[in-house]
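Below: the structure, in structure tokens.
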Amino acid sequence: MILLQVPTAGAPAVDSTAVAPAQSMQLFDLVAKGGWVMIPISLLFFFALYMIIERWLFIRSNTKVDDNFIDNVKDMVLQGNIKSAESFCKNQRNSIGRIFEKAVGRIGSPIREIEGTLETVGQIELSRLEKNLGYLGIIAGIAPMLGFIGTISGIIRIFYDISLSDNISVGIIAGGLYEKMITSGAGLIVGVIAYTGYHLLSMFIEKFTLKLEINSFEFMEVLQKPTEAARVR
């Protein structure tokens, strides 16, 4: 027993601190293992990011509303400074400024025409804010479906490789599983990004719509006061 514990002469000493180098996988290699389906998924990813950033910057710059905006407009209208009110709205250079510029320019027309101008121009500005948002909704639906196609492709590859080798082994199955799992995960991630971006941007637009409705109501209320006073007389 003692002899068995003595190391054999000339045998290489084992370094207990030696560790096998771990293989690291780069992101590009990981994406490449996903197969051809990763190409459209990657394109959808970059397009979704572009749309989210572009729409967010556009919506942010066009929905800024000064807290005193409608109060200033009402004061100018009540003082009879219609041209000043119109110039003030034009200088805002945003959606609400363009809407009220058209409405102020219609002062003197019947109330219904002014109200119709507010609604029409408001719808045009909201359409500009919502432009191309539908693409994010499409991406949110297509990207997971492409991931599912990658899953089916990976499973087909597994069975095809098994049929060629007539052998079931981890090495044969692993290649197909890479493709299956990577494409599914990538498709879901892109879908979640597009879905989240779509609804966040829609929330910003809804918030602006509510503010627009409040300002429009206050503006129309100012215009209706002289009419009501004239009826009493």
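The values are calculated or read from the model by the stated rules, or taken from the named source; none is laboratory data. Every value quoted in this text rests on a predicted model; they were computed, and no experiment measured them. Positions of Cβ are backbone-derived with ideal geometry, glycine not excepted, and every protein chain shown enters the neighbour counts. In case anyone asks, the SASA skips ligands and DNA or RNA and just uses the protein heavy atoms, side chains included. Shrake-Rupley method; radii C 1.70, N 1.55, O 1.52, S 1.80 Å.
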Can you give the accessible area of Leu126 in Å² (nearest 10), computed on protein heavy atoms with a 1.4 Å probe?
20 Å²
Between Met181 and Arg112, with labels modelled 7 Å along Cα→Cβ, what's the label distance in nm to one decimal, could you check?
6.8 nm
Between Glu130 and Asp66, what FRET efficiency comes out of the Förster formula 1/(1 + (r/R0)^6) with R0 = 25 Å and r the beta carbon distance, rounded to 0.05?
0.60
Here, Phe204 and Met220, labelled 7 Å along Cα→Cβ, have an inter-label distance in nm of 2.8 nm
With the cut-off at 32 Å, tell me which of the pairs Lys131/Lys180; Lys64/Lys225; Lys102/Lys225 have Cα atoms farther apart than that.
Lys131/Lys180
Among Ile59, Gln79, Ser109, whose Cα sits farthest toward the positive end of the charge dipole of region 57-163 (+1 at Cβ of Lys/Arg, -1 at Cβ of Asp/Glu, about the Cα centre)?
Ile59
